[in-house]
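Student: Starting off with a structure, shown below.
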Amino acid sequence: MNKKKKRRRSKRQLDQVEPTVKQRFLAWWGARRPAAVFIFTFFVIMGGFYAIYTNPSFKANIFPTIIAWNAKAGSFLLNIFGFGTEAMGENIRNADFSVAIKRGCDGLEPIALLLAVMAAFPVSWRKKLIGLGLGAISLLLLNVIRVATLFVAGLHSYELFDTMHVLVWQFLFIIITLIICAIWVNWATKISIQHDPT
């Protein structure tokens, strides 16, 4: 009798310990939820960006202003080094050469990528805003440098211009954007760990 009772008790204990399907799912989802939320938020933001970026109203009313600003800033930088340029709309030109700034050379896509990563990452909004502000300014300035260096490259050689435009700067912009994201993630998580009372 005692042996039978012990077996029944041990069976009940095993039944109580073994998790239900719901508990297993919640445990599985709990481990993967942060990554799922990050991916979902990232793609929602990037989708929203491209919906605006390709919108005819944006192209007609806002995009020309962004391009004109890039042209003026690029021309200003070039004139510091004595290239004697002027900016007119999307064009930077001097007596020897002219370059037009088109879609893809505006710096908006890397900034959108930066925004998507930082907004989706699970840290405080204060850290997100600091990262986005500094990161966006860095990428805007980098784009001005890109515009200026492409003008100088085109001034000397069309082949050099194509190489710098298609290969060098495309690659550099992606790498630098990822480096900024990595530096920010390291900073944001380090601050969080240092302030974690546990």
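Student: Taking a 23 Å limit on the Cα-Cα distance, which of the listed pairs K128/K190; K72/K102; K102/K127; K59/K127 fall beyond it?
Tutor: Going by Cα-Cα distance, K102/K127; K59/K127 fall outside the 23 Å limit.
Student: Modelled label-to-label distance, I80 and E18, 7 Å Cα→beta-carbon offset: nm?
Tutor: Distance between the two pseudo-spin positions: 7.2 nm.
Student: Going highest first, how would you order 136-147, 96-107 by mean Cβ packing within 10 Å?
Tutor: 136-147, 96-107
Student: Mind checking the full-extension length gain between K59 and V185? Use 0.36 nm per residue of separation minus the Cα-Cα distance, one decimal, nm.
Tutor: Extra length available between K59 and V185 comes to 42.1 nm.
A short reminder: the numbers here are calculations on the coordinates, not readings from a lab. Here the structure is a predicted model, which is why all the values come from computation and not from measurement. Note that each Cβ is placed from the backbone with ideal geometry, even for glycine, and that neighbours are counted across all protein chains shown.
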